[in-house]
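Here the structure comes first, spelled out in C-alpha cells, and everything after it is commentary.
The values are calculated or read from the model by the stated rules, or taken from the named source; none is laboratory data. Since we're looking at a predicted model, the values are computed, not measured. We place every Cβ from the backbone using ideal geometry, glycine too, and count neighbours over all the protein chains shown. Each accessible area value is taken on the protein alone, full model and side chains, heavy atoms only, with ligands, DNA and RNA left out. Shrake-Rupley method; radii C 1.70, N 1.55, O 1.52, S 1.80 Å.
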Amino acid sequence: QSGFTLMEILVAFGIMSIALGALMSVFNQGLSASQMSQFYAEASVIAQSKLAEVGRSITLEESEDDGNIGRYHWQVVISPYEWPDEDESTANLAGNNLKPLHILVRVDWKLGIRQKLLVVESVQIKDS
C-alpha cells in the first residue's frame, strides 16, 4: 500500500508544531518591538511639544508643571542652570543680566507592569 503511516503523520505534525511555535515567537518579538517604538515616538512628540511651550504657555521661570495626555504623564521642571565651572562666558552672562535656566521634561507611561521613561533636557537663557 502507498501512503503514510500514522506514526509518520504524528512525527510530521510534531515537527511542524515546533517550527510554527518558533516562528510565532519571532513574530511576537517583532510586534512587541514595533509597539515599544510607537510608544517612545509618541512620548518624544509630547516631550518636544512641552519643551516648545516653555516661554510661551509655560512661563520661563523656576517652576514645576505636570499633567496627563492619554496613557502618558508629563512633567516640566525649570530650575537654575548649574555651570560645570566658572569661566569668562558665565561672567559675561551674569554681567548682562542673563540667567540660564535648565529645563527638564519627563514623560513616563506604564507598559504592562513596567514603568517606562523618556527625558529631554535643554537650557534656555532668560533676560532678568
For PHE27 the rounded accessible area (nearest 10 Å², probe 1.4 Å, non-protein molecules ignored) is 130
The helix 6-53 Cα axis meets the longest alpha-carbon principal axis of the chain at an angle in degrees, between 0 and 90 and rounded to 10, of 10
Computed, not fitted: 222 nm per-residue ellipticity of the chain from DSSP H runs ≥ 4 (each -39500 (n - 2.57)), nearest 500, equal to -15500 deg cm²/dmol
Regression test value, accessible area per residue of the chain, probe 1.4 Å, units Å², expected 72
If the label point sits 7 Å along Cα→Cβ of SER63, residues of segment 100-128 with amide N under 20 Å come out as 100-107, 120-128
In whole percent, the Cα-Cα distances of the chain spread across 5 Å bins from 0 upward as 2, 9, 14, 12, 10, 9, 8, 6, 6, 5, 4, 4, 3, 3, 2, 2, 1, 1, 0, 0, 0
Computed about the Cα centre, the charge dipole of the chain from +1 Lys/Arg and -1 Asp/Glu charges at the Cβ has a magnitude in debye, to the nearest 20, of 840
Rounded to the nearest 10 Å², the accessible area of ASP108 using a 1.4 Å probe with every protein chain kept is 30
Dividing the mean separation of Cα pairs under 8 Å (6+ apart) by the residue count of the chain yields a relative contact order in percent of 21
Checked against the positive end of the charge dipole of the chain (+1 on Cβ of Lys and Arg, -1 on Cβ of Asp and Glu, about the Cα centre), the farthest of ILE113, ILE46, GLY67 is ILE113
Charge dipole of the chain built from unit charges on the beta carbon (Lys, Arg +1; Asp, Glu -1), centred at mean Cα; most positive-end Cα among GLN29, ILE18, ILE58 is ILE18
